[in-house]
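The values are calculated or read from the model by the stated rules, or taken from the named source; none is laboratory data. Being a predicted model, the structure only gives us computed values, none of them experimental. Heads up, the Cβs are rebuilt from the backbone with ideal geometry, glycines too, and the neighbour counts pull from every protein chain shown. The area values use the complete protein model at the heavy-atom level, side chains included, leaving out ligands, DNA and RNA. Shrake-Rupley method; radii C 1.70, N 1.55, O 1.52, S 1.80 Å.
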Amino acid sequence: MEELQDAIEDAQYVNAIAMVEEGPRPVLAWEIPSEEAVAEWREKVRKRDDGENGPEGLGFDWTVSHALGFFLFSAYLKEKCDDYVRINFVEEVARWRINRSRSKKMEKARKLVTAYFMPRENDETTGEPTLPPKTEIEEHDLERKLPSLSEDEMKNLYDENFDLSTSKCCIGLDGPIRDAIVETIFNASNVESDSAPPSPIRNGSDNGDTDKFTDEGSASNVAESSLTNDNKSSPRSSDSTRLPSLDLPNDFFDQAEAVVMESLRKQYWEGFKESPEHTKLHNFSYLC
């Protein structure tokens, strides 16, 4: 009976709307821009954002540097490609950049390094490395900062620092960028210690294996232990290799994030352009 009553009320509502010739409607048709309008908008966006050299509207750089495009590309990777780890890292870096607290920024950087830059434990059942939990974008204004890199610089960074096999860490970084970030966070975590343990990056053997630890247990556990030494109260070390403060520049993760995002562009951008998410971006893009 209740279902019948609901159906009647719905029909009455629809009929009442149909009888109104003028005035607002509960739902209005969304005007889909023409190809000519989109082309004109793209050129306008390129000049508006960065003079004559700005990113082309609806291109990769423009898409991932605006909140709507970033959200839709992220949703495509997570829902359609079942690949969330790298884009989650990019999202976390975007959140990290806007954090104004020096102490919280350092603590968040330690968590990022532990979760995304260090080897992961293997699952006892599958034997595969465990991954950080998947997170979603809940903010309405989360945007990615575009890197200040030329095409050649980006290519060189990618070739020197990315490994699609993800043998060293879950976001595929393997090279000087990863090593420098881990080394910096490790030293900063031990800046107040007289006798800090050896860095996990420096503790490799002479044959180039930089991921062996002297401690027993899994690498991820050792990394967690090494990167969280806040409870030490000994006098500050004078070792010149350690940081004098907990300050990290806003561009600390920029190169790592740029390499990871380039890996996603290479792997998924062409597929995204054929997806319903890209169609939504196309239809709503001129609101950006």
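Of Trp96, Trp62, all but one fail to be part of a helix (DSSP H, G or I) and free of Cβ contacts under 8 Å to residues at least 24 places away in the same chain; the exception is Trp62. Looking at segment 136-182 only, could you name the residues that are hydroxyl-bearing (Ser, Thr, Tyr) and either touching a Gly at 6+ places or on another chain (Cβ under 7 Å) or within 17 Å of Arg97 (Cβ to Cβ) (or both)? Hits for segment 136-182 are Ser148, Thr166. Counting only residues that are surrounded by 14 or more Cβ atoms within 10 Å (Cβ to Cβ) and out of contact with any strand residue (DSSP E or B) (no Cβ under 9 Å at 6 or more places or on another chain), segment 96-134 holds 17 of them. Each residue in segment 139-166 was checked for being closer than 16 Å to Val85 by Cα and open to solvent by 80 Å² or more (accessible area, probe 1.4 Å), and 1 of them qualify. It is to be established whether one or more residues within segment 119-136 are more than 29 Å from Ala75 (Cα to Cα) and at pLDDT below 90. Checked segment 119-136: at least one residue is more than 29 Å from Ala75 (Cα to Cα) and at pLDDT below 90.
Each row is one residue, and each column tells you yes or no for (1) of a type in the set (Val, Ile, Thr); (2) more than 12 Å from the chain's Cα centre (by Cα); (3) farther than 17 Å from Ala258 by Cα.
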| position | (1), (2), (3) |
| --- | --- |
| Val90 | yes, no, no |
| Glu107 | no, yes, yes |
| Glu121 | no, yes, yes |
| Pro132 | no, yes, yes |
| Glu139 | no, yes, yes |
| Arg144 | no, no, no |
| Pro147 | no, yes, no |
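Out of Phe89, Phe71, one residue alone is part of a helix (DSSP H, G or I), crowded, with 18+ Cβ neighbours inside 10 Å and in contact with a helix residue (DSSP H, G or I) (Cβ under 8 Å, 6 or more places away or on another chain). It is Phe89.
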